[in-house]
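These notes concern the structure reproduced below.
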Amino acid sequence: MALRFKPVDTAFYTLLTTQAGHLVDGAGLLAELLDEGTDRAALGIRMREAEHQADETTHEIVRRVNSTFVTPFDREDIYALSSALDDVMDYMEEAVDLVVLYEVDVLPSGVTEQIEVIQRCAELTADSMPRLQSMKDLEEYWIEINRLENTGDKSFRRILAKLFSGQYEALEVLKLKDIVESLEQAIDAFEKVANIIEQIHVKES
């Protein structure tokens with residue numbers, strides 16, 4: 001008697017798209033750090049709420065992987081992709097939280113470029129998720145993410161050079177370095193997401 005498999009659960013594509021959408025929302029909140037007069041304490045609360053919503057989607061993906069017999073691609077890859085998306089949100093939330101906790105009034109000018117890179121990465125990542133179902137038109141996505149990550153690296157190095165130029169007090173340097181490192185880690189995490197998608201594409205194509 002032939003084995004009959006359950007149909008592939010297409011809800012994974014919807015959930016991954018939702019998870020990437022949380023990153024767009026988080027990047028938008030992150031950009032509010034640059035707005036003059038922003039209530040950063042309130043922003044920190046909103047960011048934690050956004051991060052909590054993203055966690056809920058992550059947990060739903062994990063629950064579905066654990067309860068689904070046939071997944072659209074390797075379950076290990078689904079775990080890895082969802083975890084990498086979750087990492088991006090965590091780093092963005094960390095950056096906002098540090099700004100609030102450290103009571104930072106003025107961020108280095110280069111932070112604007114870092115946040116712009118994060119926003120663009122978030123948009124590209126969210127746009128790419130629905131295309132996982134067909135595995136088409138994804139190459140330009142991971143190439144552009146790699147380019148943006150290189151831009152972010154250069155911006156990060158310029159910020160560090162400015163921080164250690166003697167213009168800032170030692171304690172301020174430590175505070176700002178923590179914040180810009182969190183932003184850099186968010187950008188690196190976007191590249192990890194793109195790398196995982198490229199690996200899935202190679203396996204499935």
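Values as computed for the structure displayed
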item	result
Cross-chain or 6+ apart pairs with Cβ under 6 Å, the range 156-171 first and closer than 20 Å to GLU184 by Cα, then of a type in the set (A, V, I, L, M) and part of a helix (DSSP H, G or I)	ILE159/VAL180; LEU163/VAL173; LEU163/LEU176
All positions within the range 173-205 that are buried (at least 16 other Cβ atoms within 10 Å of the Cβ), in contact (Cβ under 8 Å) with a residue 40 or more places away in the chain and among the acidic types (Asp, Glu)	ASP178, GLU184, GLU191, GLU198
In the range 51-107, the residues that are without any contact (Cβ under 8 Å) to a residue 24 or more places away in the chain, over 26 Å from ALA31 (Cα atoms) and acidic (Asp, Glu)	GLU76
Exclusive hit being among the acidic types (Asp, Glu) and assigned to a helix (DSSP H, G or I), set GLU113, GLU103	GLU113
Of all residues in the range 93-142 being surrounded by 16 or more Cβ atoms within 10 Å (Cβ to Cβ) and of a type in the set (Lys, Arg), the one that is nearest to ARG46 (Cα to Cα)	ARG120
Residue in the range 54-69 that is part of a loop (DSSP other than H, G, I, E, B) and farther than 27 Å from GLU181 by Cβ present	yes
Within the range 70-100, considering residues that are among the β-branched types (Val, Ile, Thr) and part of a helix (DSSP H, G or I), the one nearest to SER205 (Cα to Cα)	ILE78
Top-ranked residue in the range 35-50 [being of a type outside the set (Gly, Ala, Ser) and farther than 14 Å from ASP25 by Cβ; ranked as surrounded by the most Cβ atoms within 10 Å (Cβ to Cβ)]	ARG40
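Residues are listed down the side, and each one gets a yes or a no for (1) farther than 22 Å from GLN19 by Cα; (2) touching a helix residue (DSSP H, G or I) at 6+ places or on another chain (Cβ under 6 Å):
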position	(1), (2)
VAL117	no, yes
GLN167	yes, no
LYS192	no, yes
GLU204	no, no
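Every read-out reported here was derived from the displayed coordinates using simple, explicitly stated rules and does not represent laboratory data. All figures in this text were calculated on a predicted structure; none of them were measured in a lab. Virtual Cβ from ideal backbone geometry, glycine too; neighbours counted across all protein chains shown.
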